[in-house]
Amino acid sequence: MKNLIRMLMMLSILGALALGSSAQDTEISLLQWSHFVPRYDEWFDAYAAEWGEANGIGVTVDHVNFTELFSTLAAEIDAGDGHSIVEVLFSPASFIDGLHDLRDINEAAAAAHGERASTCGAASYLPVNDTWYAYTHGYVPDPGDYDIALWTEVGYPEGPKTYDDLLEGGRAIYEATGIPVGIGMSPELDSRMANRAAIWSFGGSIQDENENVVLNSEETIAAVKYLAQLQNEAMTDEVFGWTAASNNQALIAGEVSYILNSNSAYRSLQKIDEAAAANIGFTPALEGPAGAYASSHVWQIYVIPKYVEGAELEAAKKFILDHTANYSDVTYHSELYNFPCYASTVPELDGWLEADPWGSEPPNKFEVLKTVNDWSVHLGFPGVTNPAISQVFAESIIPNMVAQVALGEMSAEDAVAQAQERIEEIFGEWRARGLVGGG
């Protein structure tokens, strides 16, 4: 009965999004990142073309490096012209003034598919002005990836489970083999995520649940001191210059014992050397004094700029909803990289995690990800992912803070205090615009 009600609600909302007789003259264009799993782009481009033919709508898809998405979105909003739909990988809350409110399709999806993962809602909704500025269709878990043989040698056959394990085991491996842990401390994606995971797990955070800046705390300072010790005792200076690809490349080359990453590095290795891939294991978020937390690695987030209007707007919304309804194909062809925001859209997921359809050895290598919603959070945790949080992320304030301490340039206390000062400035600017709460 509940499913019937949801379906009726979705049909009602879709009725409001009807394309009408003008559909045959309508065209939409999408800008997406070049997926870390190339197979997904091959599937998606074919899917988009088939969807266009079935609906009498012209569809074009452009792919760019993920680092170009926000700059392109900004340029198109400024120009008032560009793609109909843009997919970004992090909350675009700072672009809210140039984006359509997508409450209608967010409500339609919830009516049709039920509860969404909390990390997905956080990347799309701004409570302070009650706006669904985006539509998040998927997210990517960020487990630990470890070398099974190396960790078994030092007494951790299932990999590290705590931050103490990571330091003790990682140091033992480094001292015995020269192979370091691979946690980045540079202004790039994976460093930003790994450093935040440690801070949350030690009990610190950038903001509290009411959007007040609270970075400068004993808990954050302890986390930063830990990360500096980890770098000094179990890592090399290479992590200060890493790019987003560096930890992937290091894992594939057998040059690190542990990284925090999605399954993309493993999938690449699987295609190169199946035996080496079988030696990679996965762990959930590491536990610290305050618990075990890790951010989702990225999110798959659709936005529609305000310059999109009329039949083009309605076609774009329909494309997004239809794509969600086909999420089993999305997850499958992304080789289990894209997890669904709406679990009901991929009923096969648990079975795939128990027996990887892409040939992992052992087949249940990804079973650890069944618990992802117990430890995967969003960038604004424990508050909301607001424009200020997005700017702090973009400026790489957190990894720069950690690196200063690990390099011996500042004390943990001074580095955290300096970062707090800059973050308070950012929050104040956005709060003055009415887009951040607290204060």
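The values are calculated or read from the model by the stated rules, or taken from the named source; none is laboratory data. On a predicted model such as this, the values are computed, not experimentally measured, just so you know. Quick reminder, even Gly has a Cβ in these numbers, built from the backbone with ideal geometry, and neighbours come from all protein chains shown. These area figures cover heavy atoms from the full protein model, side chains too; ligands, DNA and RNA do not enter into them. Shrake-Rupley method; radii C 1.70, N 1.55, O 1.52, S 1.80 Å.
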**Request:** Output yes when any residue across the stretch 98-114 is over 16 Å from the mean Cα position of the chain (by Cα) and over 25 Å from Tyr327 (Cα atoms), and no when none is.
**Result:** yes
**Message:** Tell me whether the stretch 253-269 contains one or more residues that are hydrophobic (A, V, I, L, M, F, W, C), touching a residue at least 12 places away in the same chain (Cβ under 8 Å) and over 20 Å from Ser376 (Cβ atoms).
**Reply:** yes
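Take Glu211 and decide whether it is open to solvent by 10 Å² or more (accessible area, probe 1.4 Å), charged (D, E, K, R) and either at pLDDT below 95 or on the phi > 0 side of the Ramachandran plot (or both). Walk me through how you get there before you give the answer.
Numbers: open to solvent by 10 Å² or more (accessible area, probe 1.4 Å): yes; charged (D, E, K, R): yes; either at pLDDT below 95 or on the phi > 0 side of the Ramachandran plot (or both): yes.
Criteria met by Glu211.
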**Request:** Can you work out which of the residues in the stretch 121-146 that are in contact (Cβ under 8 Å) with a residue 24 or more places away in the chain and part of a loop (DSSP other than H, G, I, E, B) is nearest to Pro157 (Cα to Cα)?
**Result:** Pro143
**Item:** Search result, residues across the stretch 247-266 that are farther than 23 Å from Asp165 by Cβ and modelled with pLDDT of 95 or more
**Value:** Gln249, Ile252, Ala253
**Fill in**
Restricted to the stretch 323-337 and to residues being farther than 12 Å from Gln300 by Cα and either modelled with pLDDT under 95 or aliphatic (A, V, I, L, M) (or both), the residue surrounded by the fewest Cβ atoms within 10 Å (Cβ to Cβ) is Ala325
**Item:** Count of residues meeting criterion [assigned to a loop (DSSP other than H, G, I, E, B) and aliphatic (A, V, I, L, M)] in the stretch 243-253
**Value:** 3
**Prompt:** Taking only pairs six or more apart or across chains, which ones have beta-carbon atoms under 8 Å, a first residue in the stretch 166-185 that is over 22 Å from Leu407 (Cβ atoms) and open to solvent by 40 Å² or more (accessible area, probe 1.4 Å), and a second residue that is assigned to a helix (DSSP H, G or I) and of a type outside the set (Phe, Trp, Tyr)?
**Reply:** Ala176/Glu153; Thr177/Leu150
**Prompt:** Can you find even one residue in the stretch 190-203 that is touching a residue at least 40 places away in the same chain (Cβ under 8 Å), surrounded by fewer than 20 Cβ atoms within 10 Å (Cβ to Cβ) and among the acidic types (Asp, Glu)?
**Reply:** no
**Message:** Is it the case, given these coordinates, that Thr162 is modelled with pLDDT of 95 or more and under 30 Å from Arg431 (Cα atoms)?
**Reply:** no
**Request:** Report yes if Ala108 is within 21 Å of Val59 (Cβ to Cβ), open to solvent by less than 30 Å² (accessible area, probe 1.4 Å) and either touching a helix residue (DSSP H, G or I) at 6+ places or on another chain (Cβ under 7 Å) or of a type in the set (Val, Ile, Thr) (or both), otherwise no.
**Result:** yes
**Prompt:** Are there any helices (runs of 4 or more DSSP H) wholly within the stretch 163-242 with 3 or more residues that are under 24 Å from the mean Cα position of the chain (by Cα), and if so which?
**Reply:** 189-201, 218-234
**Request:** Scan the stretch 284-317 residue by residue and report those that are within 30 Å of Arg192 (Cα to Cα) and among the hydroxyl-bearing types (Ser, Thr, Tyr).
**Result:** Tyr293, Ser295, Ser296, Tyr302
**Asked** Is it the case that the stretch 142-154 has a residue that's of a type in the set (Asp, Glu) and either touching a strand residue (DSSP E or B) at 6+ places or on another chain (Cβ under 6 Å) or closer than 28 Å to Arg431 by Cβ (or both)?
**Response** yes
**Fill in**
For the stretch 340-368 the number of residues that are among the charged types (D, E, K, R) and either open to solvent by less than 50 Å² (accessible area, probe 1.4 Å) or part of a loop (DSSP other than H, G, I, E, B) (or both) is 4
**Prompt:** Going through the stretch 52-74 one residue at a time, which ones are among the small types (Gly, Ala, Ser), surrounded by fewer than 18 Cβ atoms within 10 Å (Cβ to Cβ) and more than 23 Å from the chain's Cα centre (by Cα)?
**Reply:** Ala54, Gly56, Gly58
**Prompt:** Pick from the stretch 369-396 the residues that are surrounded by 15 or more Cβ atoms within 10 Å (Cβ to Cβ) and more than 22 Å from Ile96 (Cα to Cα): which of them is modelled with the lowest pLDDT?
**Reply:** Asn373
